[in-house]
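See structure below.
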Amino acid sequence: MGLVPVLLARLPAAGQEAGEVIQDCEACPSVIVVPAGTFLMGSPEAETARSGEGGAGSERPQHEVTFAAPFAVGRYEVTFAEWDACVEAGGCGGYRPSDEGWGRGRRPVINVSWLDAQAYVEWLSGHTGEPYRLLSESEWEYVVRAGSETRWYWGDGPSSDQCRHANGRDLDADEALPPSPNPYVRATECRDGYVHTAPAGTYEANGFGVYDLSGNVFEWTEDCFQRKPRELPSAQFNAYDGAPGDGSAWTDGLCEARIWRGGSWGSTQPNLRSAARFPAESVTRQSNAGFRVARDLR
């Protein structure tokens with residue numbers, strides 16, 4: 001399965017430039033360098049369709065996050081081929097997740113928990129000798145936005161733009177999936193030919209050259225989800241109070257849940273927004289969730 005480390009578009013030890021691609025072995029995920037910079041994380045009060053646990057409070061207050069150095073991020077979500085290579089090499093606990101009959105190969109790996117994702121990056125780091133990990137939540141939002149300040153990285157509409165950029169709940173999916181009991185869950189009026197997962201890179205890349213950040217599968221991040229205290233009114237809840245401003249993962253507290261980002265093949269447009277975030281227990285394995293990797297540069 002090509003597990004001997006090779007240099008493919010490998011960067012020199014110093015002076016990495018944004019947009020450069022690294023692939024540390026034939027079966028390894030390719031990663032792309034994103035620049036250092038500062039962005040505004042979260043969503044403004046005027047942004048419509050904010051949702052999730054804690055409602056609008058889970059995405060506020062907007063706050064600056066600064067990345068002092070560039071880092072690299074997976075160009076695609078980790079695929080079944082990449083996961084299966086880990087298993088064949090004796091890693092990932094020997095776990096072979098079901099593909100639900102949708103196909104393996106270049107499709108994103110699914111039915112993997114946060115703990116499974118940690119096992120993969122641990123194996124990948126040991127195999128390549130390079131520092132791989134999951135993205136922090138702020139890294140994830142910085143990457144998806146790629147300098148944009150709109151609800152979705154491709155803009156604020158029209159809704160049919162979704163099918164060029166993201167694998168979400170469109171008319172193809174809506175006709176094949178069970179109807180939602182929620183009358184406000186409405187499919188986007190476009191078609192991309194996929195009901196469930198799509199092969200990596202099917203949709204257009206964002207401004208940083210990264211694919212499938214919105215839709216396809218939810219992506220695990222390193223951070224803990226800061227839950228709203230039961231006694232606190234939703235109007236007073238500000239989930240990001242105390243969040244790091246340096247791009248590091250926020251792992252304080254009980255950490256009963258980690259954070260999913262990006263939405264999935266079953267998500268409607270509000271849940272594909274760049275600021276949308278969702279809690280999930282670290283042992284959760286679902287057919288709509290996977291992950292992508294980050295790699296520190298040195």
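Quick look at the values:
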quantity	calculated
Count - residues of the range 242-262 that are assigned to a loop (DSSP other than H, G, I, E, B), surrounded by 15 or more Cβ atoms within 10 Å (Cβ to Cβ) and charged (D, E, K, R)	0
Number of the condition not met by Ala72 [criteria: (1) under 27 Å from Val21 (Cβ atoms); (2) more than 20 Å from the chain's Cα centre (by Cα)]	(2)
Selected residue (only one of Val185, Val195, Val210 is part of a loop (DSSP other than H, G, I, E, B), touching a residue at least 40 places away in the same chain (Cβ under 8 Å) and in contact with a Lys or Arg (Cβ under 7 Å, 6 or more places away or on another chain))	Val210
Residues of the range 263-286 satisfying the condition of being in a loop (DSSP other than H, G, I, E, B) and among the aromatic types (Phe, Trp, Tyr)	Trp265
Ala56 vs. criteria farther than 22 Å from Val293 by Cα, surrounded by 15 or more Cβ atoms within 10 Å (Cβ to Cβ), among the aliphatic types (A, V, I, L, M) and modelled with pLDDT under 95	yes
Subset of the range 213-241 [part of a loop (DSSP other than H, G, I, E, B), at pLDDT 95 or above and of a type in the set (Gly, Ala, Ser)]	Ser214
Criterion: surrounded by 15 or more Cβ atoms within 10 Å (Cβ to Cβ) and over 16 Å from Ser58 (Cα atoms) - qualifying residue of Phe208, Phe237, Phe225	Phe208
Selection status of Gly209, farther than 25 Å from Thr284 by Cβ and small (Gly, Ala, Ser)	yes
Leading residue by the ranking (surrounded by the fewest Cβ atoms within 10 Å (Cβ to Cβ)) among those in the range 79-107 that are part of a helix (DSSP H, G or I) and free of Cβ contacts under 8 Å to residues at least 24 places away in the same chain	Gly94
Residues of the range 108-161 classified as buried (at least 18 other Cβ atoms within 10 Å of the Cβ) and assigned to a loop (DSSP other than H, G, I, E, B), total	12
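The values are calculated or read from the model by the stated rules, or taken from the named source; none is laboratory data. These figures come from a predicted structure and were not determined experimentally. All Cβ positions, even for glycine, are placed from backbone atoms using ideal geometry, and neighbour counts span all protein chains on display.
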